[in-house]
Amino acid sequence: MKVALYGATGNSGSRILKELVSRGHQVIAIVRNPAKLPQPAPGVVIKQDDLSDSKKIAAAINGAEAVISAYAPPQDDVDAIVGVTQRQVEALNHGSKVRLIVVGGAGGLNVAPGVTLIDSGYLPEPVLPIAKAHSKALNVLRASTIEPGTLTGKFRLGTDELIANERQESRISMEDYAIALVDELEKPQHRRQRFSIGY
């Protein structure tokens with residue numbers, strides 16, 4: 001499959017890129033700074049885009065069968081992800097059959113009926129702004145027509161619920177996250193809906 005990947009040099013994006021390449025997919029790696037990806041793997045084409053214009057996004061992803069957005073907003077402007085998501089949706093809304101998969105955070109997942117992780121009071125104050133920004137971005141997607149770690153290949157999938165272990169810890173390595181994301185790309189199980197990943 002030919003896949004356009006935004007954020008290919010970031011924490012999750014670099015792992016997703018590696019997983020896509022390992023499975024033989026052709027990748028259009030779209031980055032703000034191509035110098036951060038100087039020697040792409042075979043089958044990887046680098047394009048530059050800053051996600052500031054939906055027409056430029058449409059041009060950058062032209063020819064792709066799917067788009068994965070692992071975009072991470074600047075730490076001092078986390079709400080930028082909302083506008084970026086809107087522009088990505090606009091770029092794909094012109095009769096495109098291309099699927100958009102967006103990497104998001106766990107803050108909007110339910111930890112109890114009707115109670116999100118954001119609402120629960122368990123998230124540390126410093127991460128609340130990015131968690132809330134991801135929830136706003138999810139709302140943009142709904143309105144439209146991770147930590148580094150070990151590759152285990154063993155994880156659970158959910159929908160709107162936070163996946164946690166018996167100690168109520170929710171974890172997933174970026175490596176396993178990448179596997180689950182590419183699995184979903186290759187064999188869609190969650191079209192037009194959110195899904196969660198955890199051990």
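Just to verify a result, which residue in region 132-148, among those that are touching a helix residue (DSSP H, G or I) at 6+ places or on another chain (Cβ under 6 Å) and assigned to a loop (DSSP other than H, G, I, E, B), is least open to solvent (accessible area, probe 1.4 Å)?
So, considering only residues that are touching a helix residue (DSSP H, G or I) at 6+ places or on another chain (Cβ under 6 Å) and assigned to a loop (DSSP other than H, G, I, E, B), the one least open to solvent (accessible area, probe 1.4 Å) is S144.
Residue-by-condition table, conditions (1) of a type outside the set (D, E); (2) touching a Leu at 6+ places or on another chain (Cβ under 6 Å):
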position	(1), (2)
A112	yes, no
I118	yes, no
E125	no, no
L138	yes, no
R142	yes, no
R156	yes, no
L162	yes, yes
E175	no, yes
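Does region 124-132 include one or more residues that are within 17 Å of the chain's Cα centre (by Cα), of a type outside the set (A, V, I, L, M) and more than 25 Å from L92 (Cβ to Cβ)?
no
Only one of (1) open to solvent by 50 Å² or more (accessible area, probe 1.4 Å); (2) more than 17 Å from the chain's Cα centre (by Cα) is not met by G153, so which one is it?
So the condition that G153 fails would be (1).
Could you pull out the residue among V45, V82, V78, V115 that is more than 27 Å from D160 (Cβ to Cβ) and of a type in the set (A, V, I, L, M)?
None of the other options fit; the residue is V45.
Would you mention how many residues in region 160-173 are under 18 Å from the mean Cα position of the chain (by Cα) and loosely packed, with under 12 Cβ neighbours inside 10 Å?
Of the residues in region 160-173, 0 are under 18 Å from the mean Cα position of the chain (by Cα) and loosely packed, with under 12 Cβ neighbours inside 10 Å.
Go through region 1-41 and count every residue that is over 19 Å from V103 (Cβ atoms) and either crowded, with 19+ Cβ neighbours inside 10 Å or touching a helix residue (DSSP H, G or I) at 6+ places or on another chain (Cβ under 8 Å) (or both).
Qualifying residue count, region 1-41: 1.
Could you please let me know if A164 is in a helix (DSSP H, G or I), hydrophobic (A, V, I, L, M, F, W, C) and either farther than 24 Å from P74 by Cα or modelled with pLDDT of 90 or more (or both)?
no
Specify the residue that is farthest from V102 (Cα to Cα); the eligible residues are those in region 50-81 that are surrounded by 15 or more Cβ atoms within 10 Å (Cβ to Cβ) and more than 17 Å from the chain's Cα centre (by Cα).
Selected residue: K56.
The values are calculated or read from the model by the stated rules, or taken from the named source; none is laboratory data. Owing to the predicted nature of the structure, the values given are computational and were not obtained by experimental measurement. Don't worry about glycine lacking a Cβ; one is built from the backbone with ideal geometry, like all the others, and counts go over all protein chains shown. Calculation scope for accessible area: heavy atoms of the full protein, side chains included, ligands and nucleic acids excluded. Shrake-Rupley method; radii C 1.70, N 1.55, O 1.52, S 1.80 Å.
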